[in-house]
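Inspection log for the structure reproduced underneath, given as structure tokens.
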Amino acid sequence: MNNHFLDAKGRPRIVITGMGVMSPLGHTTEASWDSLLNGRSGIGPITNFDASNFPCRIAGEVKNFVAKKYMDFKEARRMSRASQLAVAAARMALEDAGLPEPVPNAERVGTLVGTGVGGFEVADENLKILRSQGFNLVSPFAMTGFLPNMPSHHVSLLAKALGPISTVTAACATGTQAIGEAMEHIRSGRADMMITGGVEGLIHEAAIAGFGAMRALSTGFNDAPEKASRPFDKDRDGFVLSEGAGVLIIERLDHALARQAHIYAELKGYAVSADAYHVAQPDPEVAGAVRAMQWTLQDACLQSDAINYINAHGTSTPVNDSAETFAVKSVFGERAYELAISSSKSVLGHAMGGAGAIEAIFTALALNRCTIPPTWNYETPDPECDLDYVTDGPRSAPLQLAMSNSFGLGGQNACLILERYDTN
């Protein structure tokens, strides 16, 4: 292979050629991006169930989603909401990449779509039926509906992709890790192209109750839901649960150029690490997050001073935001104060398994359009969060390299580095 198509370690260069987003911010990538830039929040009162007696009564729901617009109605009825959202985003990504259905050379196209929980609501619904109406009325699709690998299955079925297929389940780090693992399939030669990303469809009473019992959710902004997710702000009081899907088409650079595909950005580096500390709290020295960022820089053969922008995990919880700030300072030193950092969760909420994938797409768009999306709702500075969080609206900047962070429950840390694509 021509050296132009290989990275500094002799591996195939990998680029993003298609993207699809279904989120509380909009039903397309462009609509979601526009809402992010203009501060139109996707967070509002919960409508999926009666939350009137819950301490947290708000979430980021994908409103007015009609599955049959994106897939066969009969097939949609057999899917979980997560699978439906993933298929919708995948269909957009395939179209955006200029790919037909089924995809050409299908044995060289793989699928890796992650989810934190999968179709939890399918299991819950059928358990209620079993207990109230008996075994005979349980759906024959109950098991296949809630399995976490079903979003990957349904996306591969949509594209008729016959290459490697897998699923990542890594809590809040899922989407980022899924993209990274998809990169490894291409780097190793097992695929030329991967359909990858993450999804979650979990606005469910058990999830709101469970995270509420952990005291992880925002409870102080039920009457002003659009203000509730306030990453790095002193008055942040918890995250806002969200849902959504982000799906990307990634492929070898030479493969993309051969089919004259539009290229959004290049994927340069990826790494994961474990805290091995606590199920929900980061290590006080944030060593796991630091390792993930440092290893990603090493994977990309970059020094820390090359990075222009960080799309932060930025959940709006008191512990996470200060810990992530400390981790960034540990990796970047004094240069941390020169970096632009922002959190898309300020209007998106935390889409769990879908978050990292949607945020990777936003990072690619930031590079492609030299526009940094802001952190909304930052009003009161926190002495522990004293970096540049881009709080004054969208910012034009000559971006070249960006990092996207995701840190999940169970001490899962995942990181990606993306580069603005240069046609030369």
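The values are calculated or read from the model by the stated rules, or taken from the named source; none is laboratory data. Please read all numbers here as calculations on a predicted model, not as lab measurements. Neighbour counts are summed over all protein chains in view; Cβ atoms, including those assigned to glycine, are modelled from backbone coordinates with ideal geometry. Keep in mind that these areas ignore ligands, DNA and RNA; they rest on the heavy atoms of the full protein, side chains included. Shrake-Rupley method; radii C 1.70, N 1.55, O 1.52, S 1.80 Å.
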Looking at Thr371, is it over 25 Å from Ala93 (Cβ atoms), of a type in the set (S, T, N, Q) and modelled with pLDDT of 95 or more? no
Thr375 passes all but one of (1) within 18 Å of Leu416 (Cα to Cα); (2) touching a strand residue (DSSP E or B) at 6+ places or on another chain (Cβ under 7 Å); (3) crowded, with 24+ Cβ neighbours inside 10 Å; which number fails? (1)
I'd like to know if segment 233-252 contains one or more residues that are within 30 Å of Glu107 (Cβ to Cβ) and either open to solvent by 10 Å² or more (accessible area, probe 1.4 Å) or not in a strand (DSSP E or B) (or both). yes
Only one of these conditions is not met by Ser322: (1) closer than 22 Å to Ser344 by Cβ; (2) part of a loop (DSSP other than H, G, I, E, B); (3) open to solvent by 10 Å² or more (accessible area, probe 1.4 Å). Which number is it? (2)
In segment 386-411, which residues are of a type in the set (S, T, N, Q) and either part of a loop (DSSP other than H, G, I, E, B) or over 14 Å from the mean Cα position of the chain (by Cα) (or both)? Thr391, Ser396, Gln400
Could you list all residues from segment 329-344 that are surrounded by 24 or more Cβ atoms within 10 Å (Cβ to Cβ) and in contact with a strand residue (DSSP E or B) (Cβ under 7 Å, 6 or more places away or on another chain)? Ile341, Ser342, Ser344
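One line per residue, one yes/no per condition, for (1) within 20 Å of Thr28 (Cα to Cα); (2) touching a helix residue (DSSP H, G or I) at 6+ places or on another chain (Cβ under 8 Å):
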position: Glu95; (1), (2): yes, no
position: Gly116; (1), (2): no, yes
position: Ser132; (1), (2): no, no
position: Ser139; (1), (2): no, yes
position: Thr144; (1), (2): no, yes
position: Leu147; (1), (2): no, no
Out of all the residues in segment 22-41, is one or more farther than 21 Å from Ala224 by Cα, assigned to a loop (DSSP other than H, G, I, E, B) and polar (S, T, N, Q)? yes
Condition first: aliphatic (A, V, I, L, M), under 23 Å from Ile208 (Cα atoms) and in contact with a strand residue (DSSP E or B) (Cβ under 8 Å, 6 or more places away or on another chain). Can you find one or more residues in segment 45-54 that meet it? yes
Determine if segment 112-132 includes at least one residue that is open to solvent by less than 30 Å² (accessible area, probe 1.4 Å), among the aliphatic types (A, V, I, L, M) and either modelled with pLDDT of 95 or more or under 28 Å from Ala191 (Cβ atoms) (or both). yes
Segment 164-189 residues that are closer than 12 Å to Thr115 by Cβ and assigned to a loop (DSSP other than H, G, I, E, B), paired with ones that are open to solvent by 10 Å² or more (accessible area, probe 1.4 Å) and polar (S, T, N, Q) (beta carbon under 7 Å, 6 or more apart): Thr167/Asn149; Val168/Gln177; Ala170/Gln177; Ala170/Gln412
Between Tyr270, Tyr277, which is in contact with a helix residue (DSSP H, G or I) (Cβ under 6 Å, 6 or more places away or on another chain) and among the aromatic types (Phe, Trp, Tyr)? Tyr270
Name the one entry in Gln281, Gln303 that is without any contact (Cβ under 8 Å) to a residue 12 or more places away in the chain and surrounded by fewer than 17 Cβ atoms within 10 Å (Cβ to Cβ). Gln303
Could you grab me the full set of residues in segment 349-359 that are in contact with a Gly (Cβ under 7 Å, 6 or more places away or on another chain), open to solvent by less than 10 Å² (accessible area, probe 1.4 Å) and farther than 21 Å from Pro381 by Cα? Ala351, Gly353, Gly354, Ala355, Gly356, Ala357, Ile358
Among (1) touching a His at 6+ places or on another chain (Cβ under 8 Å); (2) over 23 Å from Cys172 (Cα atoms), the one test that Gly411 misses: (2)
Options Arg78, Arg91: the member that is open to solvent by 80 Å² or more (accessible area, probe 1.4 Å), touching a residue at least 40 places away in the same chain (Cβ under 8 Å) and not hydrophobic (A, V, I, L, M, F, W, C): Arg78
Tell me, which residue of segment 122-161 that is touching a Ser or Thr at 6+ places or on another chain (Cβ under 8 Å) and assigned to a loop (DSSP other than H, G, I, E, B) is farthest from Ala276 (Cα to Cα)? Ala161
Test each condition in (1) within 21 Å of the chain's Cα centre (by Cα); (2) open to solvent by less than 70 Å² (accessible area, probe 1.4 Å) for Leu99 and report the one that comes out false. (1)
Is it the case, given these coordinates, that Asn377 is in contact (Cβ under 8 Å) with a residue 60 or more places away in the chain and assigned to a helix (DSSP H, G or I)? no
